[in-house]
Amino acid sequence: MRYFLAFIRGIRFQSSGLHILIILILLMTLSIPLSAFDTGRSSLKAGLLSAALPGGGQFYNHAYVKSAVFLASEATFVGLAIYHTNQINYYYDKANNAASGNYSFYQGEYQLNYNRRQSDYFWIGATVFLSIIDAYVDADLYNFDKKRKEIHLKYEDEKIGLELKF
């Protein structure tokens, strides 16, 4: 069983989060904004800021409360991941130095903290992903209310018309 713990400890965390981020950036660069609906905010810049800094894209879009929420949630999950990694190392060392009676207890605590750390990694990735999507969409809809007032749908004499003010 000790060999199993040594094997698990040697595994490095590899996430497909980088692949998702690359695909997301590619999709953002391929989106073509309509010049009539220019919002004054770059969706790509907002998404990249949000990927680089927790809450950075929301701050760029002047959504300060959302920025603080994303910053706090990402910091919390990173802190939990660090804590659980330290617990994993602690129980690994204890299991290797334990008497035969305590070995199974330390092994169980090791596995519990390992599973918690993996969960923390998932929530870090989910929070970053949602932060990027939120910043991207907010940048696209930044001046939506102002632009909505410039477009009017008219119903006159059984005709439907679209009026666009420049």
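Observations on the structure shown:
- Of all residues in the range 40-52 being in contact with a helix residue (DSSP H, G or I) (Cβ under 8 Å, 6 or more places away or on another chain) and assigned to a loop (DSSP other than H, G, I, E, B), the one that is modelled with the highest pLDDT: S42
- Reported count of residues in the range 102-125, each being closer than 30 Å to L71 by Cα, touching a residue at least 12 places away in the same chain (Cβ under 8 Å) and hydroxyl-bearing (S, T, Y), is 3.
- Among the residues listed as A68, A63, the single one being in contact (Cβ under 8 Å) with a residue 12 or more places away in the chain and more than 15 Å from the chain's Cα centre (by Cα): A63
The values are calculated or read from the model by the stated rules, or taken from the named source; none is laboratory data. A quick note: this is a predicted structure, and the numbers were derived from the prediction, not measured. Here the Cβ is made from the backbone with ideal geometry for all residues, glycine too, and neighbour counts use every protein chain on show.
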